[in-house]
Amino acid sequence: MRAEAPAVSDQSLAQALLLRGDEDAFRELYTRHTPRLFQFVLRIVGGAEHDAEDVVQETWIRATSALATFRWEAAFGTWLTGIGLNVARSLLRRQGRWELPMEADTPEPSRPPAADGDRIDIERALALLPTGYRTVLVLYDVEGYTHDEIAERLGIAPGTSKSQLSHARRALRRLLEPHTQEAHEHA
């Protein structure tokens, strides 16, 4: 049985890209990090694939431009995700879809009919959440950021992050509950 050669670190690849303009190093970084970055951004933009593709492209442009200033105090993927979040927020602002922080009286999202009449999938449910709810939920529950880190990234108070998460989880549960016509008729 042959042991695999250890993977080249992100930092080594970044150095090769910076020092020599090594396209293979860029391709490797792109291949390693783009699938996760795309899924993250897709959730933030509410499932709009074209928007997510644009955000990923702009994220890589900004990341390669700023690579020389990256201090490697965090993982490369974490840094890239932060850039992706900022690019996604800018896009949502331009589209008039960025509404953080949410007001306490924001109506809960309405549930669309499910394809099978019973359930909707998690990605569709996430896309239905208001942007503020969705962003905090993805950052906290999917990406693992703390409320303090979320607050810093979004320019909100940690308490607002906690409140957004609570509202988001409640709305998501409501969207994912089995839903039948009988439940409405007997309510």
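Summary of computed values
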{"read-out": "Nitroxide proxy distance, nm - points 7 Å out along Cα→Cβ at Ile122 and Ala66", "value": "2.8 nm"}
{"read-out": "FRET efficiency, Gln57 to Val142 (Cβ-Cβ, R0 25 Å, nearest 0.05)", "value": "0.70"}
{"read-out": "Gain upon complete extension [Gln95, Thr34; 0.36 nm per residue less C-alpha separation]", "value": "19.6 nm"}
{"read-out": "Estimated translational D of the stretch 120-178 in µm²/s (Stokes, Kirkwood radius over Cα pairs; 20 °C; 1.002 mPa s)", "value": "189 µm²/s"}
{"read-out": "Summed residue charge, Cβ within 10 Å of Leu85's Cβ, Lys/Arg positive, Asp/Glu negative", "value": "+1"}
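Each reported figure results from applying straightforward, stated rules to the coordinates on display, with no laboratory input. Keep in mind that this is a model prediction, so the values were computed, not measured. Backbone-built Cβ (ideal geometry, glycine too); neighbour counts: all protein chains shown.
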